[in-house]
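See structure below.
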Amino acid sequence: MNANAIKPFRVFNGNVNNRASRIFGGEASGICDWDDLKYPALLQLNKEMFSEYWIEDEIRLGDDLKDYRQKLTAKERYVFNVITGYLTQLDSIANRFNFLLGYITTDPSVASCIQLIASFEGLHNRSYQYLTSTMLNDSEKRQAFNAPKELATLKKRNQIIIDKIQETVDYMENVLAGKEEENTEKFYQVLYEGLLAYIILEGLYFSGGFVYFHSLARDNKMIGSNNMINLIKKDETQHNVFYGMVMQILMLENPSLNTDENYEYAVSFVKKCVEAEKEWAAELFSEIDTLSIKEYNDYVEYLANVICRNAGLSDIYTENKEVKSKWIINYGEKNGENRATKADFFETNVINYSHEGGDGFDL
Ligand SMILES: [Fe+2]
Ligand SMILES: [Fe+2]
């Protein structure tokens, strides 16, 4: 383990291998040789992400403009605005946090994937802008973009992950600025907790928000908006796969993270986020007929299970191992190809939290 795990990448170091020794806290020459990667699956993933490039102008919103004014109820418009606002907030965080992760990774192939992801997050931001600029008047836009700052239940729900992500940013920054002495163990722990919060942002808080658009489309409303959301969702699914893989590699390279304490921490953190999401959904979706709270909560539990699988945990919500509401799949896929599956890059799961009881951890 490198004594100075947190450091800006070296642009070139001719004394070490092109193949990175570790994804964080290691060393690499700086030459990105895609035939000489420590984790060759990253090449395929990089290509797949690149092949998905799109721009928001490809989507036609003329009918949506009419639907927004003529078909949506006042509450449906309000929910549309608020969700668009908080998706923008989450994508803004994602865009910036990826910058930090790309900055501190040792492996140039990981950096390349992160750069692609960050650029997609920027595109997603622009897409929400496109939706709101097309349909919303000034006061509705203010409602959308101020919602994450004004609505208490939403703020509470978001703050859980924001605090952890900010802690990660602050720790890295403090060490780099010489304000805090580096502690390697703390570095990996902070990274672990920050990544867990981030995969909840990518895999739970985003994906939950998309369901509302699917439900409108099922009701034959806002079809163009839903098409755009499905393009975004396809990207987020890839991000989930990538960050699930990063999490697994982090644990593989740092077996000291595989502890009872971390297992319990992760389970309770996921549960806390799920509860906050349900509380928020109950408030947001009251008086909404296009989906039921029960369906939404079941889906949230399913998404939490997927996150658990990616992070090397057993499913927490055994009632929701699969998506129960098939319409979420039917209206939530671009060309029927979105599948929130486990990142399957290793023949066996590399995470094996030590646990004295020993049950429920058959990873
Ligand atoms: Fe995004
Ligand atoms: Fe993303």
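Observations
- Annotation note: Cβ proximity below 7 Å between a residue of the stretch 34-57 that is farther than 14 Å from residue 235 by Cβ and a residue that is charged (D, E, K, R) (sequence gap 6+ or interchain) occurs for 36/19; 37/19; 38/19; 38/107.
- The single residue among 258, 220, 227, 297 that is closer than 30 Å to residue 184 by Cα, more than 16 Å from ligand 2 (Cβ to nearest atom) and surrounded by fewer than 20 Cβ atoms within 10 Å (Cβ to Cβ) turns out to be 258.
- Test: residue 232 is aliphatic (A, V, I, L, M), buried (at least 22 other Cβ atoms within 10 Å of the Cβ), away from ligand 1 (no atom under 13 Å from the Cβ) and within 13 Å of the chain's Cα centre (by Cα): no
- Of all the listed residues (200, 160, 117), the sole one being open to solvent by 10 Å² or more (accessible area, probe 1.4 Å), closer than 30 Å to residue 265 by Cα and touching a residue at least 24 places away in the same chain (Cβ under 8 Å) is 160.
- A single member of 167, 264, 193, 275 is more than 16 Å from ligand 1 (Cβ to nearest atom) and in contact (Cβ under 8 Å) with a residue 40 or more places away in the chain, and it is 193.
- Only one entry of 189, 129, 166 meets the criterion of being under 22 Å from residue 81 (Cα atoms), assigned to a helix (DSSP H, G or I) and open to solvent by 10 Å² or more (accessible area, probe 1.4 Å), and that entry is 129.
For (1) open to solvent by 50 Å² or more (accessible area, probe 1.4 Å); (2) more than 16 Å from ligand 2 (Cβ to nearest atom); (3) in contact with a His (Cβ under 6 Å, 6 or more places away or on another chain); (4) assigned to a helix (DSSP H, G or I), each residue gets a yes or a no:
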| position | (1), (2), (3), (4) |
| --- | --- |
| 46 | no, no, no, yes |
| 57 | yes, yes, no, yes |
| 75 | no, yes, no, yes |
| 79 | no, yes, no, yes |
| 96 | yes, no, no, yes |
| 102 | no, no, no, yes |
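- Number of positions in the stretch 235-255 that are among the charged types (D, E, K, R) and open to solvent by less than 10 Å² (accessible area, probe 1.4 Å): 2
- Listed by first and then second residue, the pairs with beta-carbon distance under 6 Å, at least 6 apart or on different chains, first residue in the stretch 306-318 and of a type in the set (S, T, N, Q), second part of a loop (DSSP other than H, G, I, E, B) and open to solvent by less than 30 Å² (accessible area, probe 1.4 Å), are 310/343.
The values are calculated or read from the model by the stated rules, or taken from the named source; none is laboratory data. Computed from a predicted model, the values in this text were never measured in an experiment. Here the Cβ is made from the backbone with ideal geometry for all residues, glycine too, and neighbour counts use every protein chain on show. Accessible surface areas use protein heavy atoms only, side chains included; no ligands, DNA or RNA. Shrake-Rupley method; radii C 1.70, N 1.55, O 1.52, S 1.80 Å.
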